[in-house]
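The values are calculated or read from the model by the stated rules, or taken from the named source; none is laboratory data. Computed from a predicted model, the values in this text were never measured in an experiment. We place every Cβ from the backbone using ideal geometry, glycine too, and count neighbours over all the protein chains shown. Just the protein is used for accessible areas: all its heavy atoms, side chains included, with ligands, DNA and RNA removed. Shrake-Rupley method; radii C 1.70, N 1.55, O 1.52, S 1.80 Å.
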Amino acid sequence: MSHFYHKKSLGQNFLNNKKILEKISKIKNLRNEYVVEIGPGKGSLTEFLLKEKPRVLTVIEKDKKLKPFLEKIKIKHPKNFNLIFEDALNLDFSTLTNKKIILVSNLPYNIATTLIINWIKNYENFKSLVLMVQKEVAQRLYAKTGTKFYGRTSVLTQANASVKEKIEVGADNFFPKPKVTSAVIEIIPTPRKFDYESLDKVLKTCFLHRRKILKNNLKNLNSETEGKIRECGISLSSRPQDLNPTDYIKLSKILLS
Ligand code: SAM
């Protein structure tokens, strides 16, 4: 096998601590489940996922240079292992199966937030998402209202799912060693009773100017913005970080429907 050069542009920091790999594979019971792994790399997590006996494990990898490593795994598991070389940013999960998926991934950090927001938007494809991300990204996803990490991604995540940190992982457990600490989180989607696009429009408008008060941020969204904000029982002078996800859902319904 030719020598493999890690590509920073693809976030190729491979996790090499077997105990942590095994722990990740056991966060959810994968037996008989439809499991997808994004970015298998050389397959170190993949091997642990297969030990849990999923019905099917599909792995999506962008870097074709990893083919020789992953094809070795395919030879050992011809029946329940699918290997797809594709960009996860373009993947439509409904083309893989019509069953709900458990997604497990040590995500490429440069595109982690974009991927997570895409998946949350299309939440109906997933039973659960077990994801290793940069600790700071995890903190944004579960940030409480009013704290410094609280923002658009916190509200979108918490309005559509429950999110919990499961394991903190130090940089020494990876090769090459990243500059940051990581965390494994679990995201479990919850049923949606609001229009996603309206909520996101309100959030983008509000969090573009975190220091501005609500009535100024939202004045162009509706001709009766001030009255409508009052109707929601929300103070006109609140700042974006003061509103919880339920407040934002109320605002999006009253201003944009
Ligand atoms: N799963 C391995 C592990 O745990 O050590 C590797 C994880 S590494 C942090 C991220 C992996 O995602 C790399 O294998 C990288 O090539 C792959 N990757 C990066 N961008 C991708 C994309 N857009 N679509 C699919 N895979 C991607």
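Largest first and in whole Å, the equivalent-ellipsoid semi-axes of the range 46-119 read 21, 16, 12, each the square root of five times a Cα gyration tensor eigenvalue. Here the Karplus relation 6.51 cos²θ - 1.76 cosθ + 1.60, evaluated at θ = phi - 60°, turns the backbone of the range 117-122 into coupling constants of 5, 4, 5, 5, 4, 9 Hz, with x for every Gly and Pro.
Computed over all pairs of different Cα atoms, the Kirkwood value for the hydrodynamic radius of the range 101-240 is 16.5 Å. Heavy-atom accessible surface of the range 107-214, averaged per residue, reaches 46 Å², computed with a 1.4 Å probe. Here the chain is treated with +1 on each Lys and Arg Cβ and -1 on each Asp and Glu Cβ, and its dipole about the Cα centre works out to around 400 debye. For Glu71 and Lys179, the difference between the fully extended length at 0.36 nm per residue and the C-alpha to C-alpha distance is 35.8 nm. Taking amide hydrogens as placed 1.01 Å from N in the peptide plane, the amide H of Thr58 sits under 5 Å from those of Val35, Val36, Glu37, Asn82, each at least 5 positions away in sequence or on another chain.
Between the alpha-carbon centers of the range 78-154 and the range 204-233, tell me the distance in whole angstrom. So the two Cα centres are separated by 30 Å.
What the Cβ-Cβ distance of Glu224 and Asp195 gives, at R0 = 22 Å and to the nearest 0.05, is a FRET efficiency of 0.70.
Go ahead and estimate [θ] at 222 nm for the chain from helices alone: -39,500 (n - 2.57) per DSSP H run with n ≥ 4, summed, over the residue count, rounded to 500. It comes out at -9500 deg cm²/dmol, rounded to the nearest 500. Compared with the alpha-carbon gap, the fully stretched path from Lys148 to Glu231 is longer by 27.1 nm at 0.36 nm per residue. When the Cα positions of Leu57, Tyr109, Phe14 are compared along the charge dipole of the chain, Phe14 comes out farthest toward the positive end, with charges on each C-beta of Lys, Arg, Asp and Glu. Subtracting the Cα-Cα distance of Lys23 and Ile117 from 0.36 nm times their residue separation leaves 31.3 nm of extension gain. The alpha-carbon atoms of the range 1-156, seen along their principal axes, cover 51, 35, 31 angstrom, with the largest extent given first. Rounded to whole numbers, the Karplus 3J(HN,Hα) couplings from phi for the range 87-99 are 7, 4, 5, 9, 7, 9, 5, 5, 7, 8, 6, 9, 8 Hz, using 6.51 cos²θ - 1.76 cosθ + 1.60 with θ = phi - 60°, and x at Gly and Pro. For Phe14, the amide hydrogen comes within under 5 Å of the amide hydrogens of Phe175, counting only partners 5 or more places away or on other chains and with H modelled in the peptide plane.
Amide H contacts under 5 Å for Val169: Ser182, Ala183, Val184, restricted to partners 5 or more places along the chain or on a different chain, H placed in the peptide plane at 1.01 Å from N.
Peptides 232-238, 116-122, ordered by how many other C-beta atoms sit within 10 Å of their residues on average, highest first, read 116-122, 232-238. Each of Ile27, Ile234, Ser223 was scored by the projection of its Cα onto the charge dipole of the chain, and the greatest displacement toward the positive side belongs to Ile27; charges sit on the C-beta of Lys, Arg, Asp and Glu. Across the range 175-187, computed HN-Hα scalar couplings (Karplus, 6.51 cos²θ - 1.76 cosθ + 1.60, θ = phi - 60°) run 9, x, 6, x, 8, 10, 7, 10, 8, 9, 10, 10, 10 Hz from first to last residue, x flagging Gly and Pro. Nonpolar atom fraction for the chain, defined as the carbon and sulfur part of the 1.4 Å probe accessible area, stands at 49 percent. Kirkwood analysis of the range 201-257, using all unique Cα-Cα pairs, places the hydrodynamic radius at 10.9 Å.
What longest region of the chain stays clear of GluC sites (Glu not before Pro) that DSSP places outside H, G, I, E and B and that have at most 15 other Cβ atoms within 10 Å? Answer - 87-223.
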